[in-house]
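Here the structure comes first, spelled out in structure tokens, and everything after it is commentary.
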Amino acid sequence: MPAADQATYAELHCLSCFSFQRGASHADELVERAAKLGYQALAITDECSLAGIVRAHLAAQKHGLQLIVGSELTLDDGLRLVLLAPDREAYGDLSQLITLGRRNANKGSYQLDRAAVARHAGRLLALWLPPALPDTADGLWLGQHFPDRAWLAVELFQEADDGNRLSALLQLGQQCGLPCVASGDVHMHVRSRRALQDVMTAIRLGRPVAECGLALFPNGERHLRSPWALAHIYPRALLAETVRIAQRCGQFLADLGYEYPAELVPEGATPASHLCTLTEIGLNQRYPAGAPEKVRRQIAHELALITRLRYESFFLTVHDIVAYARSQKILCQGRGSAANSAVCFALGITEVDPDRSNLLFERFLSQERQEPPDIDVDFEHDRREEVIQYIYKRYGRERAALAATVITYRPRSALRDVGRALGFDEEQLDQISKTLAWWDSRAELPKRLQEAGFDPESRSVQLLLRLAQGLMRFPRHLSQHVGGFVISHSPLARLVPIENAAMPDRTVIQWDKDDLDAMGLLKVDVLALGMLSAIRRTLALVSAIRQQPLMRMADIPAEDPQVYEMIGHADTVGLFQIESRAQMSMLPRLKPKTFYDLVIEVAIVRPGPIQGGMVHPYLRRRQGLEPVDYPSEAVKKTLERTLGVPIFQEQVMQLAIDAADFTPGEADQLRRSMGSWRRTGELADYQARLVTGMLANGYTQEFADRLCKQIEGFSEYGFPESHAASFALLVYVSGWLKRHEPAAFTCALLNSLPMGFYSASQLIQDAKRHGIVVHPVDVQRSDWDCTLEDEQRPQHALRLGLRLISGLGRGVGERIAAHRPAAGYDSLVQLQRLAGLDKRSLGILADADALASLAGNRRQARWQVGGLQLKQDLVGMAAKAEAAITLPLPSLGQQVLEDYRSQGLTLRAHPLSLLRPHLSRNRLLSAAELRACQHGQPARACGIVVGRQRPGTASGVTFVTLEDETGNTNVIVWQDLGERQRKELLGARLLAVYGVVQREGEVVHLLAKRLADKSELLGTLSVESRDFH
Amino acid sequence: MLICNAAAQALGVKPGMRRAAAMTLAANLRIARRQPQQELALLESLAAWSLQYTPTVCLAPPHGLLLEIEGCLRYFKGLGRLRKLIAQGLVEHGWAAQMAAAPSPLAATWLAQLRPQTVIRSPEGLADGLASLPIAALPWPDDTLRQLQALGMRQFADIHSLPRDGLAHRLGHAFPCMLDQALGLQPDPRDPFEPPDRFERTVALNWATDQVEALGFVAKRLFTELAAFLMGRGLGVQQLHLTMQHEDSSKTEVTLGLGKPTRAADAMLAICRERLARLVLPAPVEAMGILADQLHRLDGQVLTLFGNANQAEDFDLLRARLMARLGEEAVQSIVCVADHRPEHAWRWAPCGSASPQLTLGERPAWLLPEPQSLELRDGHLWHGEPLQLLTRAERIESGWWDGDGVTRDYYQAQGASGRRYWIYQQRSTDSWYLHGLFA
């Protein structure tokens, strides 16, 4: 073979893994391989998708390969073709065509006909993929619609009749007047992906690979073949044609020409001047007496930077959304340091006063990066949809869409899909999935499989492991990002294809967050936060109780010592963020006294600082047990607020700048590599630079090393100060409300469920412990939501709402409240008639004991409900009344169990209080008794298991929370005990723990030595012993 | 999970548990599926057996039998002796059963289930006898049970406190009627069991085996059931057909001649054991069945005769004759299998099976049982003559999943003789093989 000709090939038909369950290689693998083989160019032509294009583009830039953008399509009449975009305008056509096909069909599929292709054919290149028995008419059609831009693709895979196929296709090309070109229908970058590709076929077809038969490819030829091999298969002219086509395609992805929406700027103003005006207006509202000089300086600095980077429109867009939410009284709050800039404070995007914090604006805005800033805005979780609909309305569906999230294979899903493909039965796969519940690392996989009863040495299990590992991180499908909106000036569909999401009326673009970053597209995160709903509801209730105008977050007094007192005792059930068990055991040690302490508290109880070893040094310094020292003034300036221990990402960046001469842009790259060092290993380079830089500036090796180690600890879990500050504000507000308006706060939390860490039952128990009177659900008193009743007590009483009854429809609940006569319903019949209830709903109300005031206890109510005549005509209105009967009275235990069954909670008596005599005989202590124990004292406790947690940071330790009538007991189970008593640990609903008390100040844990499953005691509650044989 | 052994219980497995839950606790749990068909078949055998005690036997599925004994008490000299006889008979056949006697079929059924050994002699005693039965355990519809328990009803007697109309309104009219039937206040007519005129039973083995001992054990169980069936009817058999189903869905059939009509399980088993010992089984046995289609009075007369089979077509006749003479497994069809690997692309199938149409490259009519290694002579492939490649490579790379993967380049080749060969080069070793011959 003549060596000079070998390099003359460009692959024009190649699928990446974004042709889901078809392409068995990632875009970067394909690009790298093509570059290595000396290809002239590579087209990525995923099936009706451009989802893999950005990744391919980045890889192509890195490897210096020409990338061609294209897509493979199968039309509804079976015609198959590959379309290639030679320039930006053709790219827009392709993107629009794909959008059309995807919007025509349900999520995950597409539908296109010839007419649609013809409409978009003006600038695109087309390769015809002829079937086994081609129809000349198809070729003529293509030639007609793609004049001088259509080819016949000849794809040969070393099959039996390649020779005949080649001559037949060459002849067909002549008949249709189409030039022939070689292409490879590439599904993988190397031949060794063959097994994985077969597995993908099996997953796609939903049957085991052994039953896929001829649906599998007969060999592994659909990979990027070497030019040498291709020269043996194709005539030289066909190979040369690939290069001619590639030469017609330009490079345009680097400059897609994204523009921010422009309509937010009034006539006569520029984005910059308008942003200035809005900032000035906001500033005057924030500081009626005039803004402090520090804030003014900060604003000037920020505005200059924003203008230089041309991000005005971005800030205007966020401001517009926030202003809308505010006009609808939807509570919202921005996050991120761009959000926590002075400009955003002035614009009302955040409530965090720049005067009170020292944030590094550069974190999100840097001159050296071409990427837009990132602002997350949290909205009330049950009203976020209104905001989303506003965005759609304001910009139109053509110009606003949600970013995609690429759902990739995780260990569990990979094992399941590969297992199915290999013919494992569902039962076996269930078992594997179950064992994986506790595991995270891939290395443990063989061990876990062995525990599940599989032989890790067996061939099939080996195959399963190998292929599942191969499948991991491959994309499965596109889903919608939690709230990342892309908004553009011109129609989005010419920029990136838009497709249907699973939710009706939702559309997503085919690119995810990273793609958007790389392409410089604006994204606004519109997120949902339950606590904002709860706060808004509490504020409304409080305003109503106090008969005052609507209270705002800003009206809540700052730095109330009573709030800090409460938080210092870990009395934080229901509070934002600091209600988790880990937070609660930190609070009494940290004893926050100021707002900034809360910022630290929010950030410090996280895997990053814990793994980086920041927690203990900080605590010791705070308690004065360890001196605080700084190697230099610059470091002191950065770390002083956290006592010399870096806790926030911003501090690490600032240290890099001050101590190691990084530029702000480089520091930001350091931050990004912190997030991904496990995957890319890029961090090592920065660490080396950091150390060198610090040594050069006279810092000690020890200090530099310590900083590096801490940075590693941050890795994927680092928390920025700017987020912590936004969160801390909500912590404080929720804390103030709980401290001063506990009834309203609990009521609002219950009405905002599901959210937070605790169940309705736990929230109500906590409220009762704080002296709040709670009344049960009652059709005569309850609304759908929980409400407050004024009973002339310091705090209102809480009336549970019908929403707590599981299975009751919202419409039903609201009708009951809406149709209730002022004096209440006079009978069951009236309730049924006025509220239009069916027997099922009435039965649910009886089960909930919500008919007690009308019909007596549950049993009586059920009997009466059963006797109602619902389907009578008007004449039969006067149904003959049934004689009253008396049913056996339920016991307290039975009532309690039925309360739990219906509402997951009871107001009667905690089940453990009924079992207490029995437990006391066995010397099982209550939570309250345990709290009085000494450190190191052996003790045993028993309670209902309300939580099991196994944090990744605590190697193998399981934290169990037990609940009884006096509160919660925190149990620590070490790994070896957990393995030995796995059955009890995982299975028990009522658990007895024999162990040793661990006490540190107010924080008490029970370190388990032995577990016992006492669940059967719960069963005895339903038994009336007198008649049980 | 219906029942489990002590080893499983020690691991925390309990009756009533879901299968998946049990599996998490005991990963190596062996689960045998319930076979309602076989349970019903056994129940019918027992019913036939019971006919020796009374002419009126009724099935009460899923696991009850009702014997009307009022009329035959005198013959058996009293209830006590009859119960003893029945109990002994059950034990002899290795069956466990719970018994109770009552004047209404429902009461008898419930009592046998919940209070075995109870005897209620007069209808007046029914109300008292049933009073303490726990409602939760009664075999009533789930919805009925749920409603009664929700009203706080725990024992049968509690229901008497509820008005009949109210019950009918809430639980349907059938419910109070059923109570009346149980209490003997309303008639409860049942269809008597009609025994079939032949006996056919198949038992699926939990694990395939070719051990004569194990097979004999299964055969014994079948013969015991047959004997019971025959005993109830006062009949015997002279000839039995025994069928053993193998893992590969082939069968071994044996006809057992018993010499004279009998219903002695031991005699059947002895003959069967002898035959099994001499038999060479082609594969482990998955299921065993017996058929007795001619029942004799014990005086030797044939009870029933079945008609001849339909006229068969010529081919079917030929096939049947061939199979009769050469054995069933000797006459088979070849069908295509969708697999890229030539040696996996076909299989034997029972005679007359349809084959799917598959499009593949040209394939030789004759595939060697094993590929044959080819040598090179003077740089030429050689198979009795030098071979010339006629085609480009057909590359087949497939089958990695079952340990029998191939990576080969196939070619057609021709020798001077004009014979065409199908040969391949192993891609991993570059060595050559002959795999087939074209006609």
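For the protein assembly as shown, the ratio of Cα radius of gyration to the globular rule of thumb 2.2 N^0.38 Å stands at 1.15. Here is the size of region A:773-903 from its Cα atoms: Rg then Dmax, 15.2, 53 Å. Modelled spin labels at A:Gln251 and B:Ala136, positioned 7 Å past Cα toward Cβ, are 7.6 nm from each other. Please check which bits of region A:78-121 a label hung off A:Ala137 would reach, taking the label as a point 7 Å along Cα-to-C-beta and the cut-off as backbone N under 16 Å. Backbone N within reach: A:78-80, A:114-115.
With Rg and the Kirkwood Rh both taken from Cα atoms, where does Rg over Rh land for region B:199-297? Spell out each step's value before the answer.
Working: Rg = 12.9 Å, Rh = 13.4 Å.
Rounded to two decimals, Rg/Rh equals 0.96.
For A:Cys14, the residues whose amide H sits under 5 Å from its own are A:Thr45, A:Val186, ignoring neighbours fewer than 5 places away on the same chain, with H placed 1.01 Å from N. Multiplying the residue separation of A:Leu170 and A:Asp555 by 0.36 nm and removing their Cα-Cα distance gives an extension gain of 130.6 nm. Phi angles of region A:728-742 translate, via the Karplus equation with coefficients 6.51, -1.76, 1.60 and θ = phi - 60°, into HN-Hα couplings of 4, 5, 5, 4, 5, 4, 5, x, 5, 5, 5, 5, 9, 9, x Hz per residue; Gly and Pro are given as x. For peptide B:419-426, the mean count of partner chain Cβ atoms within 10 Å of a residue's Cβ comes to 0.
Once every DSSP H run of n ≥ 4 in chain A is given -39500 (n - 2.57) and the sum is divided by its residues, what mean residue ellipticity at 222 nm do you get, rounded to the nearest 500 deg cm²/dmol? Walk me through the numbers before you get to the answer.
Numbers: 44 runs with 465 residues, N = 1029.
Per the formula, -13500 deg cm²/dmol.
Within 10 Å of each Cβ of A:205-215, how many other protein chain Cβ atoms are there on average?
Working: counts 0, 0, 0, 1, 5, 5, 2, 3, 9, 10, 1.
Going residue by residue through A:205-215 and averaging, the value is 3.
In chain B, helices alone account for a calculated mean residue ellipticity at 222 nm of -9000 deg cm²/dmol, with every DSSP H run of four or more residues adding -39,500 (n - 2.57).
Summarise the long-distance tail of P(r) for region A:557-729 by giving the % of C-alpha pairs beyond 22 Å.
Values: 6533 of 14878 pairs.
Within region A:557-729, distances greater than 22 Å cover 44 percent of Cα pairs.
Multiplying the residue separation of A:Ala502 and A:Ala323 by 0.36 nm and removing their Cα-Cα distance gives an extension gain of 61.5 nm. Counting charges near A:Gly122 (Lys, Arg +1; Asp, Glu -1) among other residues having Cβ under 11 Å from its Cβ returns a value of +1.
By how many nm would the segment from B:Leu376 to B:Asp128 lengthen if fully extended, with 0.36 nm per residue of separation less the alpha-carbon distance? Don't skip to the answer; put the middle values down first.
Values: separation 248, 0.36 × 248 = 89.28 nm, distance 9.71 nm.
Net length gain for the segment: 79.6 nm.
If R0 is taken as 56 Å, the Cβ-Cβ distance between A:Asp113 and B:Asp197 corresponds to a FRET efficiency of 0.25.
For region A:1-121, what number results from the quotient of the Cα radius of gyration and 2.2 N^0.38 Å?
Values: Rg = 15.0 Å, N = 121, 2.2 N^0.38 = 13.6 Å.
Here the Cα radius of gyration is 1.11 times the empirical estimate.
Taking the C-alpha atoms only, the angle from helix A:136-145 to the longest principal axis of chain A is near 80 degrees.
For region B:361-437, compute Rh as the Kirkwood radius over C-alpha pairs and then the Stokes-Einstein diffusion coefficient at 10 °C and 1.306 mPa s; write the answer in µm²/s, rounded to an integer. Don't skip to the answer; put the middle values down first.
Numbers: Rh = 12.9 Å.
After rounding, the answer is 123 µm²/s.
Exposed loop sites here are chymotrypsin sites (Phe, Trp or Tyr not before Pro) in DSSP loop states with at most 11 other C-beta atoms within 10 Å. What is the longest stretch of chain B lacking them?
Numbers: sites that count: B:Tyr75, B:Phe306.
My reading of the result: B:76-305 is the longest stretch.
Here the Karplus curve 6.51 cos²θ - 1.76 cosθ + 1.60, taken at θ = phi - 60°, turns the phi angles of region A:220-231 into couplings of x, 5, 7, 10, 6, 7, 5, x, 4, 5, 5, 5 Hz, with x standing for Gly and Pro.
Quick one: A:Ile498, B:Ile69, A:Ile844, fewest Cβ neighbours within 10 Å first, how do they rank?
Values: A:Ile498 27, B:Ile69 18, A:Ile844 21.
Taking fewest neighbouring Cβ atoms as first place, the list is B:Ile69, A:Ile844, A:Ile498.
If you take every residue apart from B:Ala265 with its C-beta less than 14 Å away from the C-beta of B:Ala265, what net charge results, scoring Lys and Arg +1 and Asp and Glu -1? Could you put the intermediate results ahead of the total?
Numbers: positive: B:Arg201, B:Lys220, B:Arg221, B:Arg263, B:Arg273; negative: B:Glu92, B:Glu225, B:Asp266.
Charge balance in the 14 Å sphere: +2.
Across peptide A:849-862, the mean count of Cβ atoms from other chains lying within 10 Å of each residue's own Cβ comes to 1.
Of the trypsin sites (Lys or Arg not before Pro) found in region A:508-592, the ones in coil according to DSSP and having at most 14 other Cβ atoms within 10 Å of their Cβ are A:Arg552.
With a simple spin-label model that places each label point 7 Å from the Cα along the Cα-to-Cβ direction, the separation between A:Arg769 and B:Ala338 comes to 6.2 nm. Where the alpha-carbon atoms of region A:900-1020 are placed on the principal axes, they occupy 39, 29, 23 Å, in descending order. Dipole of the protein assembly as shown computed with +1 at Lys/Arg Cβ and -1 at Asp/Glu Cβ about the Cα centre; of A:Val1003, B:Ser417, B:Cys177, farthest Cα towards the positive end is B:Cys177.
With r defined as the distance between the Cβ atoms of B:Leu85 and B:Arg190 and R0 fixed at 25 Å, what FRET efficiency is calculated, to the nearest 0.05? Please report the intermediate quantities before stating the final value.
Working: r = 23 Å, r/R0 = 0.91.
So, using R0 = 25 Å, E works out to roughly 0.65.
Calculated FRET efficiency, B:Asp266 to A:Tyr900, Cβ-Cβ distance, R0 = 60 Å: about 0.50 to the nearest 0.05.
Using just the alpha carbons, could you tell me how many Å³ per residue the convex hull of chain B encloses? Show your work: numbers first, answer last.
Details: hull volume 112.7 nm³, N = 439.
It is 257 Å³ per residue.
Once the Cα atoms are used to define both axes, helix A:683-696 deviates from the longest principal axis of chain A by about 80 degrees. Cβ-to-Cβ counts within 10 Å put B:Lys77, A:Lys983 in ascending order as B:Lys77, A:Lys983, the fewest first.
Sort region A:3-255 into rounded, prolate or oblate with this rule: let a ≥ b ≥ c be the square roots of the eigenvalues of the Cα gyration tensor; rounded if a/c is under 1.5, and if a/c is not under 1.5, prolate when a/b is larger than b/c, oblate otherwise. Since a/c stays below 1.5, the shape of region A:3-255 is classed as rounded. Please build a GNM for chain B, connecting alpha carbons under 10 Å apart, and tell me which residue among B:Arg275, B:Arg115, B:Arg363 fluctuates the most. Ranking B:Arg275, B:Arg115, B:Arg363 by mean-square fluctuation puts B:Arg363 first. Cβ-to-Cβ counts within 10 Å put A:Val996, A:Val343, A:Val461, A:Val733 in ascending order as A:Val996, A:Val461, A:Val733, A:Val343, the fewest first. Identify the GluC sites (Glu not before Pro) of region B:208-263 meeting these criteria: DSSP loop state and at most 16 other C-beta atoms within 10 Å of the C-beta. Loop-located and lightly packed - B:Glu247. Just B:Leu85, B:Leu226, B:Leu390 to compare: in a GNM of chain B, with alpha carbon springs under 10 Å, which one fluctuates most? Maximum among the listed residues: B:Leu390. Mind pulling the angle between the C-alpha long axis of helix A:911-921 and the longest principal axis of chain A? Nearest 10 degrees, somewhere in 0 to 90. In chain A, helix A:911-921 runs at an angle near 70 degrees to the longest axis.
For chain B, a Gaussian network of Cα nodes joined below 10 Å ranks B:Gly232, B:Gly379, B:Gly172 by mean-square fluctuation, and the top entry is B:Gly379.
None of the figures in this text is laboratory data; all of them are computed from the coordinates on show. On a predicted model such as this, the values are computed, not experimentally measured, just so you know. Cβ: placed from backbone, ideal geometry, glycine included. Neighbour counts: every protein chain shown.
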